[in-house]
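Data first, discussion second: the structure below is written as structure tokens.
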Amino acid sequence: MSAEQHGTTVGGAHRFVGLAENLERHAGRPSGAEPPNVRGDNRGYALVFFQQERYHLTTVISSGLRFQPLGAEPAQELACTVYKEQAEAARHLVDLTAELLVTQQTHLVPDQIVPNEEPLLPHTEFHGVLASGHPMFPPEFTRFTDPDGIEQLQVFTLLPVTLGELNFILDNGVTALRQQWARFEVDVFDLGRPSVA
């Protein structure tokens with residue numbers, strides 16, 4: 001077995017050289033991390049916190065989903081960007097969604113809705129997340145390529161959606177919701193925002 005074949009077999013960590021620097025370039029400086037074994041057992045991924053002081057934003061990004069058998073090609077990680085004081089909520093949303101993917105051994109596709117019967121966050125109307133490109137960061141954040149320009153990783157940004165917005169998507173589609181967000185100048189980083197549907 002050649003080294004190249006062996007690397008692919010065990011997850012090919014070499015494919016992600018430069019990933020940490022790429023995430024930092026867009027999401028800001030790392031300010032903390034939660035290890036995979038934070039609850040005792042190894043959940044299969046860590047969570048890393050990044051700060052963008054200029055915009056008062058925190059981005060929580062999973063680290064390790066790319067090595068899990070989720071069937072995703074290219075590999076995937078998750079991110080959620082919110083205002084700094086809402087960082088714990090972003091941590092919760094990324095953790096919850098990542099845990100679901102690992103448990104069900106599945107992956108996300110662009111514009112996929114992950115609904116929930118109950119509110120995902122206490123005292124909010126958010127009943128799901130939309131897997132999206134990042135609303136502010138450039139495409140290089142969402143699609144990480146190796147030095148040869150081959151896409152190795154997609155970072156899906158989780159955008160919280162309300163129950164009304166979930167129903168709106170079912171009736172009108174994701175593009176229509178994005179148009180509503182633009183029309184009402186919705187700040188998707190604010191977890192205190194009102195529903196547009």
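Here the spin labels are modelled as points 7 Å beyond Cα on the Cα-Cβ line, and at residue 106 and residue 53 they lie 4.2 nm apart.
Extents of region 147-187, taken as max minus min of Cα coordinates on every principal axis and listed largest first, are 42, 21, 16 Å.
Converting phi to 3J(HN,Hα) with the Karplus coefficients 6.51, -1.76 and 1.60 and the offset θ = phi - 60°, region 70-87 yields 9, x, 8, 9, x, 5, 9, 9, 10, 9, 8, 10, 9, 5, 3, 6, 9, 4 Hz in sequence order, with x at every glycine or proline.
Accessible area per residue was computed with a 1.4 Å probe on protein heavy atoms; residue 113 scores about 40 Å². Within the chain, the longest segment free of exposed loop sites, counting GluC sites (Glu not before Pro) that fall outside DSSP classes H, G, I, E and B and have at most 10 other Cβ atoms within 10 Å, spans 1-116.
Once you divide the Cα radius of gyration of region 100-197 by 2.2 N^0.38 Å, the number left is 1.17. Ligands, DNA and RNA aside, residue 63 has an accessible area near 40 Å² when probed at 1.4 Å.
Taking every C-alpha pair closer than 8 Å and separated by at least 6 residues, the mean separation divided by the residue count of the chain gives a relative contact order of 17 percent. Here the chain is treated as a sphere whose radius is the Kirkwood value from Cα pairs; by Stokes-Einstein at 25 °C and 0.890 mPa s it diffuses with a coefficient of 141 µm²/s. The candidates 148, 190, arranged from most to least accessible area with a 1.4 Å probe in the full protein assembly, appear as 148, 190. The charge dipole of the chain, taken about the Cα centre with unit charges on the Cβ atoms of Lys, Arg (+1) and Asp, Glu (-1), comes to about 220 debye, rounded to the nearest 20. Placing unit charges on the Cβ atoms of the charged side chains and taking the dipole of region 109-197 about its Cα centre, the candidate lying farthest along the positive direction among 147, 157, 194 is 194. Each Lys or Arg adds one and each Asp or Glu subtracts one; over the other residues with Cβ under 11 Å from the Cβ of residue 43, this totals -3.
The values are calculated or read from the model by the stated rules, or taken from the named source; none is laboratory data. These figures come from a predicted structure and were not determined experimentally. Glycine gets a Cβ as well: all are built from the backbone with ideal geometry, and neighbour counts include every protein chain shown. Protein only, heavy atoms only, side chains kept; ligands, DNA and RNA dropped before computing areas. Shrake-Rupley method; radii C 1.70, N 1.55, O 1.52, S 1.80 Å.
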